[in-house]
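Peer 1: Sharing a structure, written as structure tokens. Questions coming.
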């Protein structure tokens, strides 16, 4: 945290740019708020600096992990090696220290077990630094590659193998078995994150924090691609659906109030102006005819797009009051209606479980077939379509080189008021391999929808 003022200003500006690049919006006013807060706080305390930045720049809890990762890159806890591996009591202190050997590994694992049992955050942080220093260096690496690896460190130290010993130690301290196992798993996960953070810190020192922010820092959960999400990410996304729906509902209600007045009624306005000598002091408007369109959703629930389709369905049904009627259909190679799955007040987790169970009814041969799905929807559920309905197709348009049934999709699009297609793949992948995004996109407008932020904006535009 030392250095001249110009260096701190440059680091501050670069840090804010990195936050914006990771999807955390930072306005000029918030930038100035952060500067004002930091001008009266001590820079010698890293935790205080971090909390000041978080209080002035982070607006939502889901953005906090991304903020923490970027803060650790621009304002690291340690610089360089951080601590010397060889301590004064080492036998080889006067010679070149032995960094990686059976004795050193056994000693570190023993101290790590004690730290995991005690839960000392400081000890775990120091051990993470030492573990990367001893076992994470990549000798003989190719030019341009990093010299440090969290994967190599964790593979050598294997903290997950210490869980049983930690549990035994916690049981001896009076914990119940369930409490001990949860605490051990949580602390091992925390140590793993510390090792990954220290490896990132060292790489950032070699290549610069900007390079690492672009390639190694995961975006916030609302900007994480559906197709790149892990099981824990999907669970967090599921928890974000209801807050997202509430924000959208509030925004829609505000916009609808602003649009409540209909078009100007010239006759009533002129007639009312006669009392003021022909000066229209008050304008009169025709009443706006309420209109809520019906929505038909057709979802591909195969493979990695199943999560994207499920989240979209959850969001749409959370906003179902904004539509006259919502009907939902899923498919792999046959169409199956799932409208009844979305009961008012149903738990989102249970809804997703029911959707996963019903996917068996959406597959006959187990290979995605968009052409057959369009044909089945047209033949078996034409009652859902009509001039009051809008069609929303969800999927990556990868149809395993089967018949695309373009005439059927054209007929579907022509029988409804509007039609949209949300694709969770990046647009650069459209038309590659078995993707039929290009020909389908010529019939139904196709829009890239890869994360919760894009999904919220697109669903808002549908209402």
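A short reminder: the numbers here are calculations on the coordinates, not readings from a lab. No experiment lies behind these values; they were computed from the predicted model shown. Here the Cβ positions follow ideal geometry from the backbone for every residue, glycine too, while neighbour counts run over all protein chains shown.
Peer 1: Using 1/(1 + (r/R0)^6) with R0 = 35 angstrom and r between the beta carbons of residue 114 and residue 45, what's the FRET efficiency to the nearest 0.05?
Peer 2: Efficiency at R0 = 35 Å is approximately 0.80.
Peer 1: Another question about this same structure. Report the gain in length on full extension from residue 410 to residue 272: 0.36 nm times residue separation, minus Cα-Cα distance, nm rounded to one decimal.
Peer 2: Result: 44.7 nm gained on full extension.
Peer 1: A follow-up question, please. Rounded, prolate or oblate: which one fits the stretch 5-74, using the alpha carbon gyration tensor with axes a ≥ b ≥ c (rounded when a/c is under 1.5, else prolate when a/b beats b/c, else oblate)?
Peer 2: It is rounded, given that a/c, with a ≥ b ≥ c, falls under 1.5.
Peer 1: Tell me, in nm to one decimal, what length is gained between residue 78 and residue 61 on full extension, where the rule is 0.36 nm per residue of separation less the Cα-Cα distance?
Peer 2: Roughly 3.5 nm would be gained on extension.
Peer 1: Another one. Residue separation times 0.36 nm, minus the C-alpha to C-alpha distance between residue 438 and residue 228: what's the value?
Peer 2: Computed gain between residue 438 and residue 228 is 73.3 nm.
Peer 1: Apply 1/(1 + (r/R0)^6) to the Cβ-Cβ distance of residue 254 and residue 426, taking R0 = 35 Å, and write down the FRET efficiency to the nearest 0.05.
Peer 2: 0.60
Peer 1: Next question. Quick one: if you stick a label point 7 Å off each Cα along the C-beta vector at residue 158 and residue 418, how many nm between them?
Peer 2: It is 5.8 nm.
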